[in-house]
Each structure stands twice: as structure tokens, then as C-alpha cells.
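For reference, the structure discussed in these notes is given below.
Only the coordinates and a few stated rules stand behind these numbers; no lab work does. Given the structure is predicted, the values throughout are model-derived calculations rather than measurements. Every residue, glycine as well, gets a Cβ built from its backbone with ideal geometry; the counts of neighbours run over all protein chains shown.
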Amino acid sequence: MQQRIAKFNRILKIREDSRRNEQAVLAAERSEERAVMEHLTQLEGEKAQAIRDFSTAGTKAVSAMDLWFQRQFIDAINTDISRGKDSLAEVRTRITDTEARLVEKHRDVRIMETYIGHLKEADFQEQLGIEQNELDDVATMQFSRKGEI
């Protein structure tokens, strides 16, 4: 029984390591999500500033080429924001997938822990039974000796 418990403990350790690896992947993905969100926030700020600059350009003497460049800059920022949103959606999809795998790995670990707990309890009960039988044997021998005297 002890060999079985040791075998399942090794399996449990492997599953726990797998779960820890998945947790590390999730942490990295969440960090990536935060970085993408910060980048998007920065781009939104740049866009707001570029729009303010563009709108105030009408009050100054500005060439048509300068207006065109400002408009191109705003379009480039919009393209970057669009790419950032796509990247954010991709990261969030990966996070959702990783969370699902992590839940499954956690469930596997809990099942294995429960099974090992049952094995240990059965082993304990078996040891108690053996011990009780030995005590019964000793008591029987003591009783039979007293009967001989």
C-alpha cells in the first residue's frame, strides 16, 4: 500500500508542477495584457493630443501639406489603436484558454489529492486492523497462559 501511495504522490507532484507552470503562463499573459492596455491608453492620449493640434491648426496660418501630415498622423495612430485592440483581444482569448486549462489542472490535482487521502486512510485503517489483531493475539495468549496455571 505504501508503494501505491508513493507512486500516486509522484503523480501528484507532476500534476502540481504542471499546474504551477500553467499559473506562470497565466501570469505572463496577464502582464502582457497590462502592457497592451497601457500602450492603448498612451495611444489614446496621443490621438487626443493630435486631434487638439489638428483642430487648433485651423486658427493659425498652416499650409495644406501640414494639415495633410497631421491628418495622416491621426490616421496612423488610429491604425495603431486598431492593431492594439486586436492584440488585446488575442491576449484575452489566450488568457481565457489558459484559465480553462488551469481550472482543469487544478481539478486534476484535487482529484489526485482526494484519492491519495483515501489511500492513506485505507492504509491507516489496515494498520489499525493489523495492530488490533496483534493485540488480540497477545491477549489470547495471555488468557490461555492464565488458564494453564
Here are some conditions: (1) among the β-branched types (Val, Ile, Thr); (2) within 30 Å of residue 25 (Cβ to Cβ); (3) surrounded by fewer than 13 Cβ atoms within 10 Å (Cβ to Cβ). Residue 130 meets all but one. Which one does it not meet? (2)
When you go through 44, 22 one by one, which is the residue that is over 30 Å from residue 128 (Cα atoms), part of a helix (DSSP H, G or I), in contact with a Leu (Cβ under 6 Å, 6 or more places away or on another chain) and among the charged types (D, E, K, R)? 22
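Residue-wise test of (1) more than 43 Å from the chain's Cα centre (by Cα); (2) surrounded by 14 or more Cβ atoms within 10 Å (Cβ to Cβ); (3) within 27 Å of residue 15 (Cα to Cα).
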position: 94; (1), (2), (3): no, yes, yes
position: 97; (1), (2), (3): no, no, yes
position: 100; (1), (2), (3): no, no, yes
position: 110; (1), (2), (3): no, no, yes
position: 123; (1), (2), (3): no, yes, yes
position: 134; (1), (2), (3): yes, no, no
Flag if residue 136 is of a type outside the set (Ser, Thr, Tyr), assigned to a helix (DSSP H, G or I) and in contact with a helix residue (DSSP H, G or I) (Cβ under 9 Å, 6 or more places away or on another chain): no
Report the residue count in region 49-65 for those that are in a helix (DSSP H, G or I), of a type outside the set (Val, Ile, Thr) and either in contact with a strand residue (DSSP E or B) (Cβ under 6 Å, 6 or more places away or on another chain) or loosely packed, with under 13 Cβ neighbours inside 10 Å (or both). 6
List, please: which pairs have Cβ atoms under 9 Å, are six or more places apart or on different chains, and start with a residue in region 20-31 that is in contact (Cβ under 8 Å) with a residue 12 or more places away in the chain and basic (Lys, Arg) and end with one that is surrounded by 11 or more Cβ atoms within 10 Å (Cβ to Cβ) and part of a helix (DSSP H, G or I)? 30/91; 30/95
Among the residues of region 63-80, are any among the β-branched types (Val, Ile, Thr) and within 26 Å of the chain's Cα centre (by Cα)? no
Residue set 116, 111; condition out of contact with any His (no Cβ under 6 Å at 6 or more places or on another chain), more than 21 Å from residue 30 (Cα to Cα), aliphatic (A, V, I, L, M) and free of Cβ contacts under 8 Å to residues at least 12 places away in the same chain; output residue 111
